[in-house]
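One structure below.
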DNA sequence: TCTAAGTCTATAATTATTCTAATATGAATA
DNA sequence: TATTCATATTAGAATAATTATAGACTTAGA
């Protein structure tokens, strides 16, 4: 925490630890809910403040992959992300990126580069083909988890 | 408009025409303001509906490059975008993209791929070096246009 | 023209995020 | 250790983008 140039308060440590243990790229709200159990006095504004401070210090990164809410990644190094429009899960993706901070493109100085992919994740593809087979014999059920909203929007 | 499978209402035509003539990637609010002059009865909800319909029909694309508001691009073909954190302008960028819709990455089916770049645009770099020289001789002035909010946030 | 389906308008509601002002805490100093 | 100052936290209100709702209005096709 000190390496980031931040005063190491208990709130910051708790939030950072939560992100360290939850690589699901939670929203600020999800961080707030997840941390409330072990730290009920934590205010939601503090979650926003802490996430912002950590982001600005380079300890985490913020993802604007979905319009509804920002998501936070414990890993501050740039790497592509994949958002499933069925289940809403957000995955890290391993791909080489041709653009680096410091590059100039069309005269514009690049400081941050984000690659966001949208589609159907491996698990939901599998589920959807299972559902199709099921529907030949019995009543089907939705393959979509309702963990997050259902139509996580591709732009 | 019919090619998109949409009922060609006057509202849809006016919004689409506005985007055709304004390649600045406006927000829904900016579309609304820009169209009000020639069509004062247009409701803001209609702007959202129309933009959503056009997006779903594949006539335009929605960009979630900034957390504050979605932006809309008359060109529905995927291509990288650059957001300047000084002036807030959003630029199209010409870069080959290695990922195509239909690709599978780590088992995930990619339908849409977005590349978002954040930094300082060519014009603002120039302006900032001008300001530095100015400040040696006289009182400086901010180089930042206030056209949009000033700290268009990189994630 | 008549009708059903789809669209538009105005307004209210929702939701993520930011602001504000008071309080509390951490770091530096006497 | 007591004091001080800057910074952080809290709770709640405020803001702003977006979505939902309900009724009026168009559009396309018979």
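Here the Debye sum runs over all C-alpha atoms of segment B:1-76 as equal scatterers in vacuum, and log10 of I(q)/I(0) at q = 0.15, 0.20, 0.23, 0.24 Å⁻¹ comes out as -0.43, -0.79, -1.06, -1.16. Label point of residue A:33 (7 Å along Cα→beta-carbon): distances to the other copies' equivalent points are 3.5 nm, sorted ascending. Grab the beta carbon distance between residue A:97 and residue A:29, set R0 = 41 Å, and tell me the FRET efficiency rounded to 0.05. Result of the calculation: an efficiency of 0.90.
Averaged over B:117-127, how many beta carbons belonging to a partner chain fall within 10 Å of each residue's beta carbon? Shielding by partners across B:117-127 averages 5. In this assembly of identical copies, the label point of residue A:48 (Cα plus 7 Å along Cα-to-Cβ) is separated from its counterparts by 1.9 nm, sorted shortest first. Averaged over the residues of peptide A:4-10, the number of Cβ atoms from other protein chains lying within 10 Å of each residue's Cβ is 0.
The other copies place their residue A:101 label points at 3.3 nm from this one, listed shortest first, where each point is 7 Å from Cα along Cα→Cβ. Label separation (residue A:38 vs residue A:56): 2.6 nm, computed from points 7 Å beyond Cα along the C-beta direction. Taking Cα centroids, how far is segment B:63-91 from segment A:65-119 in Å? Computed from Cα coordinates, the inter-centre distance equals 14 Å.
I need to check one value: relative contact order of segment A:59-124, counting alpha carbon pairs closer than 8 Å and at least 6 residues apart, in percent.
Value for segment A:59-124: 30 percent.
Considering only alpha-carbon pairs that sit under 8 angstrom and 6 or more positions apart, the relative contact order computed for segment B:1-76 is 34 percent.
Evaluating kT/(6 pi eta Rh) at 37 °C and 0.692 mPa s, with the Kirkwood radius of segment B:62-129 over Cα pairs in the Stokes-Einstein relation, gives 242 µm² s⁻¹.
All of the numbers you see were taken from the coordinates with simple rules; none came from a lab. Owing to the predicted nature of the structure, the values given are computational and were not obtained by experimental measurement. A quick note on method: Cβ atoms are made from the backbone with ideal geometry, for glycine too, and the neighbour counts reach across all protein chains shown.
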